[in-house]
1. Could you pull out every residue, at least 5 positions away or on a different chain, whose amide H is within less than 5 Å of the one on Ile55? Hs are placed 1.01 Å off N in the peptide plane, and Pro or chain starts have none.
2. Quick one: net charge of Lys54's neighbours, Cβ under 11 Å, K/R +1, D/E -1?
3. Within straight cross-link reach of Lys72, meaning Cα distance under 17 Å, which lysines are found once same-chain residues fewer than 8 apart are removed?
4. In the neighborhood of Leu70, defined by Cβ-to-Cβ distances under 13 Å, what is the net charge if each Lys or Arg adds +1 and each Asp or Glu adds -1?
5. Multiply the residue separation of Ile45 and Asn69 by 0.36 nm, subtract the distance between their alpha-carbon atoms, and state the gained length in nm to one decimal.
6. Pulled fully out, how much extra length does the chain show between Lys54 and Thr14, if you take 0.36 nm times their separation in residues and subtract their Cα-Cα distance?
Amino acid sequence: MEAEYNKPIIALYTDSRQGSFGNQQKLNAVDEVAESQFSYVNLYIVGLIKNRGKIVQSKKELLDVLKINLNKLKV
């Protein structure tokens, strides 16, 4: 049962509002994936996901992270 609680969480973050449109404050805030207040995400949930896994920004990165995690399970 304990192993069920150790599963990694991998989140795919997509938001059409990710563009900064030249706003320097927005540019500084969006340096960290999913932690920008401009995208209206729940930072508590973001923290929980990062505590157990990773947040990625593209399908390619998601597949890469999944592959890495699956390879860890095979060991």
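Just so you know, all these numbers are worked out from the coordinates, no wet-lab data involved. This one's a predicted model, so the numbers in the text were calculated from it and none came from an experiment. Positions of Cβ are generated from backbone atoms using ideal geometry, with glycine treated the same way; all protein chains shown enter the neighbour counts.
1. Correct list: Ala11.
2. 0
3. List returned: Lys7, Lys54.
4. Counting the neighbours of Leu70, the net charge comes to +3.
5. Value of the extension gain: 6.6 nm.
6. Stretched fully, the Lys54-Thr14 segment lengthens by 13.0 nm.
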